[in-house]
Amino acid sequence: MMKKRQPSKLIIRKRSSLLTMLRRAIILIGLWMGTGYIVYINICFLLNIYSDALVSDYLVLNLSFRSYAIFALLVVVIASLMIIFGWLRIRKLKRQAKNRE
């Protein structure tokens, strides 16, 4: 006979408020629209479609190689910090759960 699997007691479930979910949705939509616009500009240039607005946006958005390297390093540092913070948080929650038992 199979035992029914018990959900972990370490999972913290908190329902976000409507305002918080709306704010997150607006931020994500804005980020995806910005990303889509950058892809659109680059595709237009690959297809040799030019306009004054596209040229000015292309010049503003295309950074130097040094800027790309700094941005990539920043992404790696932030991702590493998130991993470390998550690992420490999970360890703390496990210790708290063990102490409560």
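Yes/no per residue for (1) closer than 30 Å to LYS98 by Cβ; (2) out of contact with any helix residue (DSSP H, G or I) (no Cβ under 8 Å at 6 or more places or on another chain); (3) not assigned by TED's automatic domain parsing to the domain that holds ALA97:
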residue	(1), (2), (3)
ILE26	no, yes, yes
LEU31	no, yes, yes
GLY34	no, yes, yes
ILE41	no, no, yes
ALA53	no, yes, yes
TYR58	no, no, yes
ILE70	no, yes, no
ILE84	yes, yes, no
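Considering only the range 22-29, I want to know if a residue exists there that is at pLDDT 80 or above, out of contact with any His (no Cβ under 9 Å at 6 or more places or on another chain), outside any loop (DSSP other than H, G, I, E, B) and among the small types (Gly, Ala, Ser). Among the residues of the range 22-29, at least one is at pLDDT 80 or above, out of contact with any His (no Cβ under 9 Å at 6 or more places or on another chain), outside any loop (DSSP other than H, G, I, E, B) and among the small types (Gly, Ala, Ser), which makes the answer yes. The residue that is surrounded by the most Cβ atoms within 10 Å (Cβ to Cβ), counting only those in the range 8-21 that are at pLDDT below 80 and of a type in the set (A, V, I, L, M), is LEU10.
The values are calculated or read from the model by the stated rules, or taken from the named source; none is laboratory data. Worth saying up front: this structure is predicted, and the values here are computed from it rather than measured. Ideal geometry is used to build each Cβ from the backbone, glycine not excepted, and the neighbour counts take in all protein chains shown.
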